[in-house]
1. Give me the extension gain from residue 40 to residue 163: residue separation times 0.36 nm, minus the current Cα-Cα distance, reported in nm with one decimal.
2. Please say if the range 80-212 is rounded, prolate or oblate, where rounded means a/c under 1.5 for a ≥ b ≥ c the square roots of the C-alpha gyration tensor eigenvalues, and otherwise the choice is prolate for a/b larger than b/c and oblate otherwise?
3. Report the relative contact order of the chain, percent, no decimals, based on alpha-carbon pairs under 8 angstrom and at least 6 residues apart.
4. Once the principal axes of the Cα atoms of the range 182-274 are found, what is the range along each, listed largest first in whole angstroms?
5. Using mean Cβ contacts within 10 Å as the protection proxy, how do 57-63, 123-129 order, highest first?
6. Could you give the nm distance between label points at residue 58 and residue 260, where each point is 7 Å from its Cα heading toward the beta carbon?
7. Compute the separation of the alpha-carbon centres of the range 29-90 and the range 101-178 and state it in Å as a whole number.
8. For the pair residue 11/residue 199, report the inter-label distance in nm, with labels modelled 7 Å from Cα in the Cβ direction.
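What follows is calculated from the coordinates using simple rules that are stated; it is not laboratory data. The structure presented is a predicted model; accordingly, all values stated were derived computationally and were not measured. Ideal geometry is used to build each Cβ from the backbone, glycine not excepted, and the neighbour counts take in all protein chains shown.
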Ligand code: KIV
């Protein structure tokens, strides 16, 4: 199955069934037009909490709120008819207890129409994942580099090297056993990503992991060249929209200053037909 072979949005179980098949295609989106652009091409569209950094200029994802996720989630939902919508649970909205996670995840689901939520964490979040899944909330897990824990991880480092590999494998098994329908592997060595992919029954979705994962995800503003504050090694730029946009704005500013914009074709005559 792929985005082009289903007429209605896939469900989490359809994504789970893509394990080992055609790779799952996923991107983030935060607005209706961006969602419309990717709807025909992606299996999963994720409203990531990266929205805080790429759209709101925050220094990390830690300042993102539940209300921001719901607002952007609703905007993205309006742009999708074929791809499955997943929304990130922001920092502080789910870690305290399974009950807190359910209260906030149920808001996300009911107020946006998302098919699932994503949350960061391995073994320590397994109980919460099980609690949500048992109550009707499909969960995409996220392990490896988990940006909400940046202050305890000691920076945006590659995860799973050396002795850390076994711990990450245990995290992958735990979220899978708890009932997650898929798991994002972020900034994990390729060898370990391949090993996890081979050992767990749910799809792995890589970002800075391996092309052997069951799917890939990127932050859309990164791959389009819209967010240029920094570029992680794992990002491939497929466009230069940031540079193109700045060139267009510069041209507009020059036209306004030279009074060549608006031109006659952009203004209205006294005739009613114009
Ligand atoms: O917030 C986000 O955009 C994400 C993806 C990078 C997986 O979590």
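1. Numbers: separation 123, 0.36 × 123 = 44.28 nm, distance 4.13 nm.
Full extension from residue 40 to residue 163 adds 40.1 nm.
2. Values: a/c = 1.74, a/b = 1.50, b/c = 1.16.
The shape class here is prolate.
3. Details: 530 pairs, mean separation 43.5, N = 274.
Normalised by residue count, the contact order of the chain is 16 percent.
4. Dimensions of the range 182-274 along the principal axes of its Cα atoms: 72, 30, 13 Å.
5. Details: 57-63: 14.1, 123-129: 19.9.
So the order, starting with the most tightly packed, is 123-129, 57-63.
6. Spacing of the two 7 Å Cα→Cβ label points: 4.3 nm.
7. Result: 18 Å between the Cα centres.
8. Computed distance between label sites residue 11 and residue 199 equals 3.1 nm.
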